[in-house]
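*Asks:* Before we start, here is the structure in question, set down as structure tokens.
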Amino acid sequence: MAARSKMAAHPNPMPPDKANQSEGQVVLTPLENRERDHARSVYRLYTRPGAAPIYVSITRAETLNSFRAPYQYLLDSDGRMRENQRNVIPRDGEELPVHLYERIVGHGTEAVVLHWTQNWGGEPIADPLTLGQMFDATIRKEPVYVVDVWSIFRAGGGSRLDETTWIRTADYIDRMIKNKKVTTPH
């Protein structure tokens, strides 16, 4: 009971309503979210004419399944990571790498993902399997968030990724969690 009240006391951060010139809207959970035990999450989709849609997921880690790799819950059951398509990148204009970049594929679908975990008020950590964060989330019931910013490409699709908006949205969200802001205009 104490753990539930502790978890309820912490807010669920909401992605901003806008990202650069892209309009945001609330969307449903990804196809395979059951792989994460239907973790408490918020999702937003950002669209702009001529640009590939950008999705955002902020998930409260409550079980070990919350820490699964993005290809296991963002795509269909055939989801997998492309070989040698994983890297750690910094925030825009910085040098310290904080976001995990992955290129993932499913059945007829490909996506690029910026993925990280982050304690409420802490710095982002690109390694999603950090034991300390798993302990904080599952045993201590501290707020730990698993964040994904991704864009999906369909085979033969013509939209291109707006990398600036994609990276800046990720940067904005990790700073929002670090500064303990639930939501603010973007």
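*Asks:* With the structure loaded, tell me whether GLY132 is over 15 Å from VAL147 (Cβ atoms) and either loosely packed, with under 15 Cβ neighbours inside 10 Å or in contact with a Cys (Cβ under 7 Å, 6 or more places away or on another chain) (or both) or whether it fails that test.
*Replies:* Values: over 15 Å from VAL147 (Cβ atoms): yes; either loosely packed, with under 15 Cβ neighbours inside 10 Å or in contact with a Cys (Cβ under 7 Å, 6 or more places away or on another chain) (or both): yes.
Answer is yes for this residue.
*Asks:* Still on this model: Would you be able to tell me the number of residues in region 81-122 that are among the basic types (Lys, Arg) and touching a residue at least 60 places away in the same chain (Cβ under 8 Å)? Give the steps one after another, and end with the answer.
*Replies:* We begin by selecting, within region 81-122, every residue among the basic types (Lys, Arg); these are 82, 86, 91, 103.
Keeping just the survivors that are touching a residue at least 60 places away in the same chain (Cβ under 8 Å) gives 91.
Adding up the residues that qualify gives 1.
Matching residues to (1) assigned to a strand (DSSP E or B); (2) surrounded by fewer than 15 Cβ atoms within 10 Å (Cβ to Cβ):
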{"position": "VAL42", "(1), (2)": "yes, no"}
{"position": "GLN85", "(1), (2)": "yes, yes"}
{"position": "VAL98", "(1), (2)": "yes, no"}
{"position": "TYR101", "(1), (2)": "yes, no"}
{"position": "VAL113", "(1), (2)": "yes, no"}
{"position": "TRP116", "(1), (2)": "yes, no"}
{"position": "GLY122", "(1), (2)": "no, no"}
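*Asks:* Exactly one of these conditions fails for GLY108: (1) surrounded by 14 or more Cβ atoms within 10 Å (Cβ to Cβ); (2) farther than 19 Å from MET176 by Cα. Give me its number.
*Replies:* The number of the failed condition is (1).
*Asks:* Could I ask something else about it? If we keep just the residues of region 17-38 that are aliphatic (A, V, I, L, M) and modelled with pLDDT of 80 or more, which is surrounded by the most Cβ atoms within 10 Å (Cβ to Cβ)?
*Replies:* VAL27
*Asks:* Let me ask you something else. Go through (1) surrounded by 20 or more Cβ atoms within 10 Å (Cβ to Cβ); (2) in contact (Cβ under 8 Å) with a residue 60 or more places away in the chain; (3) over 27 Å from GLY121 (Cβ atoms) one by one and return the number of the condition ARG48 breaks.
*Replies:* (1)
*Asks:* Among (1) farther than 26 Å from ALA52 by Cα; (2) out of contact with any strand residue (DSSP E or B) (no Cβ under 8 Å at 6 or more places or on another chain); (3) of a type in the set (D, E, K, R), which single condition is GLU83 missing?
*Replies:* Failed condition: (1).
*Asks:* Could you list, in sequence order, all residues of region 52-61 that are surrounded by 19 or more Cβ atoms within 10 Å (Cβ to Cβ) and either of a type outside the set (S, T, N, Q) or in contact with a helix residue (DSSP H, G or I) (Cβ under 7 Å, 6 or more places away or on another chain) (or both)?
*Replies:* Correct list: ALA52, ILE54, TYR55, VAL56, ILE58, THR59, ARG60, ALA61.
*Asks:* Is it true that SER66 is among the polar types (S, T, N, Q), touching a Gly at 6+ places or on another chain (Cβ under 9 Å), under 22 Å from VAL27 (Cα atoms) and outside any strand (DSSP E or B)?
*Replies:* no
*Asks:* Kindly provide the set of residues from region 46-82 that are among the aliphatic types (A, V, I, L, M) and more than 12 Å from the chain's Cα centre (by Cα), ordered by number.
*Replies:* Hits for region 46-82 are ALA51, ALA52, LEU64, LEU75, MET81.
*Asks:* Select from region 124-154 the residues that are in contact with a strand residue (DSSP E or B) (Cβ under 7 Å, 6 or more places away or on another chain) and part of a loop (DSSP other than H, G, I, E, B) and write down the one among them that is modelled with the lowest pLDDT.
*Replies:* Looking at residues that are in contact with a strand residue (DSSP E or B) (Cβ under 7 Å, 6 or more places away or on another chain) and part of a loop (DSSP other than H, G, I, E, B), I get PRO128.
*Asks:* If you don't mind, there's one more thing I want to ask. On the basis of being at pLDDT 85 or above, within 14 Å of the chain's Cα centre (by Cα) and of a type outside the set (Phe, Trp, Tyr), does ARG91 make the cut?
*Replies:* No: the conditions fail for ARG91.
*Asks:* Against the condition surrounded by 17 or more Cβ atoms within 10 Å (Cβ to Cβ), part of a strand (DSSP E or B), touching a residue at least 12 places away in the same chain (Cβ under 8 Å) and hydrophobic (A, V, I, L, M, F, W, C), how does LEU75 come out, does it pass?
*Replies:* no
The values are calculated or read from the model by the stated rules, or taken from the named source; none is laboratory data. Keep in mind it's a predicted model, so treat the numbers as computed, not measured. Positions of Cβ are generated from backbone atoms using ideal geometry, with glycine treated the same way; all protein chains shown enter the neighbour counts.
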